[in-house]
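The values are calculated or read from the model by the stated rules, or taken from the named source; none is laboratory data. Predicted model, so just to flag it, every value in this text is computed and none were measured. Note that we place each Cβ from the backbone using ideal geometry, even for glycine, and neighbour counts take in every protein chain shown.
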Amino acid sequence: MAKKQFKAESKRLLEMMINSIYTHKEIFLRELISNASDAMDKLYFKSMQENLGITRDDLAINLSFNKDARTITIEDNGIGMDKDELENNLGVIAQSGSFRFKQDNADADKEEVDVIGQFGVGFYSAFMVAKKVTVLTKKYGDENAYLWSSEGVDGYTITDAEKDKNGSVITLFLKDDTEDEDYSEFLAEYKLRSLVKRYSDYIRYPIKMPVTKRKPKEGKEGEYDETTEIETLNSMVPIWKKSKQELTDEQYNEYYKEKFLDYMDPLTHIHSKTEGTATYNALLFIPKKAPFDFYTKEYEKGLQLYSSGVMIMEKCADLLPDYFSFVRGLVDSEDLSLNISREMLQHDKQLKLIEKSLERTIKNELKKMLNNDREKYEEFWKNFGLQIKYGLYSSYGTQKEFLQDLLLFTSSAEKKLTTLEEYVTRMKEGQDAIYFASGESVAKLDTLPQTEMLKDKGYEILYLTDNVDEFIVKMLVDYDGKEFKSIQSSDADFETEDEKKEKKEKSEQNKDLLAEMKKALEGKVADVRISAKLRSHPVCLTSDGEVSLEMEKVLGAMPGNEMKPKADRVLEVNADHPIFAKLQFLFDNDKEKLAAYADILYDQALLIEGLDIDDPVEYCNKVCALMVN
Ligand code: ADP
């Protein structure tokens, strides 16, 4: 019998499949099951229209394998195909989704389109694992059955055949194993079962397979009877398609642990059904703890993507913005084509709409948690707050409005976490800025010389202890019209008008002393000034301009040898401190000693700020010299 040739397009796709180095060869099963399910949908639909009396319960997929013959069989009792349909559907790829996809993308260089990387490669994916494929099929209502058979690019044959029921039987004759490829792995119960569970669990028809059961032989210890039972491998109803009322927290949690391989219950789940510009079901989880690799380059964000109950991508990164990269879960949409490649997904309008909508959903859920279950939110924040901050930072502030209300910072008031909104509502009358200090730890910041005065005055300070914090605050600029102000900056002016006046007078009176100290600290500080920030401490260190001391520290710790920005340091001196009288005395009587004092005070200011001093030995020598004197 003469072999028929595949049409040129089909032949090319087929060649690619046969020589596929695609690592996800296993998806062939998903494709064939999906086709079987479609064929049954068609029959069911026809039955409803024409009152044929076929119910969903009559329809099923039978999966089986034969180790000796090295075959896998997928049988359905769906609509089946007649001779013309066989010819048109399996001989000409123009009918298949893969080709439609290519036509839709006429601008993409046809030769370059990576068919293998596509999801939903269709019937031809069978040739990734099979050297020969046969399709025995009988169209519903027809007398005749046909056998389509192909060993690949050579072409295919269609012959008359015998089959009593309508539907199709697809038989794959697996390729021989090679050094690199183990095709025999598909000839195992557990493998097929796990593939069905993984990719086709939610196919709405039962996928049945004969499975071997071992039962202990009565009276004979250690011996077993083996029987074969038909088992339905898939659960059929996707949990996300069920209504929320039907489901318990426990069911959500179990699903999460099983599918996302976590041993802990999630912190929370979000189950949403959205209709409108983007129509989709989503089931999302926020883990309780950050995975061990979460803050490393190895961590991959993404949600599972389903198209009408069929998984088309295991990890679709485009569905999640970076600041929500910790979210696990899935999205199921009928608006997405099965035949869509990774590259195309990135440009898919529908997917973009879904992403935007998911973003809002996740944010609202977090906001709700923040408002209604503070303890839970703080637990969330401990694990993933840093990621939200990184995301906010790397979005260059474009997400300010969207994310700023999710932020928490430790506040000087009771050392508890606070939102910016809470801070602002607690602001004292006349306070026009949000004060912050940044450094290594809350404990250290709380003892900074500058904080004493502010706290005395009843102002609250946000303690920023993550490296990224100060950059975030810089980017936010303000919250609710209130500017962020560092209390470690030289121009942080939280003094009253009177205090300002007094500071100015004292600065004027001690002009020469300050200049002398500045001279002594040449190259170390940009200036020496009288301070209005200090109460019981003699000195503190602040900075002029954009780069703060903390930023200098953070940037300095980053890899790379390029010029690191330095803070313009300002030594602020407390004119009311007893040491100041001593400085005045030394200025009049012993300039050399004044220089040593300036040095010591500067080093002390560094130490209090948590910065290294240039020469610890020299510092100690100077202090000792003073002690013996
Ligand atoms: P797609 O499913 O994307 O259309 P395929 O290459 O997988 O592309 O299949 C091509 C066509 O062959 C299908 O559209 C369908 O008409 C037909 N077909 C495939 N498998 C079956 C089946 N089991 N029963 C009936 N028709 C089938």
Residues (crowded, with 19+ Cβ neighbours inside 10 Å and of a type in the set (D, E, K, R)) located in the range 60-74: ARG70
So ASN253, is it within 21 Å of the chain's Cα centre (by Cα) and among the polar types (S, T, N, Q): yes
Any hit, the range 95-112, residues being surrounded by fewer than 13 Cβ atoms within 10 Å (Cβ to Cβ) and either within 16 Å of the ligand (Cβ to nearest atom) or modelled with pLDDT of 70 or more (or both): yes
Enumeration of residues in the range 273-288 that are touching a helix residue (DSSP H, G or I) at 6+ places or on another chain (Cβ under 7 Å) and surrounded by fewer than 15 Cβ atoms within 10 Å (Cβ to Cβ): THR277
Number of the condition not met by LYS131 [criteria: (1) crowded, with 23+ Cβ neighbours inside 10 Å; (2) at pLDDT 90 or above; (3) closer than 30 Å to SER184 by Cα; (4) away from the ligand (no atom under 11 Å from the Cβ)]: (1)
Qualifying residue in the range 407-417 (condition: within 28 Å of ASP265 (Cβ to Cβ) and either assigned to a helix (DSSP H, G or I) or polar (S, T, N, Q) (or both)): yes
The range 447-466: number of residues that are of a type outside the set (Val, Ile, Thr) and either in contact with a helix residue (DSSP H, G or I) (Cβ under 8 Å, 6 or more places away or on another chain) or at pLDDT 90 or above (or both): 8
Verdict on ILE33 being modelled with pLDDT of 90 or more and either within 13 Å of the ligand (Cβ to nearest atom) or assigned by TED's automatic domain parsing to the domain that holds GLU185 (or both): yes
Qualifying positions in the range 46-59 - surrounded by fewer than 20 Cβ atoms within 10 Å (Cβ to Cβ) and within 13 Å of the ligand (Cβ to nearest atom): LYS46
Selected residue [touching a residue at least 40 places away in the same chain (Cβ under 8 Å) and closer than 17 Å to ALA605 by Cα] from ALA492, ALA433, ALA437, ALA443: ALA437
Options LYS503, LYS519, LYS524: the member that is within 47 Å of the chain's Cα centre (by Cα) and either at pLDDT below 90 or surrounded by fewer than 18 Cβ atoms within 10 Å (Cβ to Cβ) (or both): LYS524
The lone exception for ASN62 - which of (1) within 16 Å of the ligand (Cβ to nearest atom); (2) of a type outside the set (D, E, K, R); (3) in a helix (DSSP H, G or I) it fails: (3)
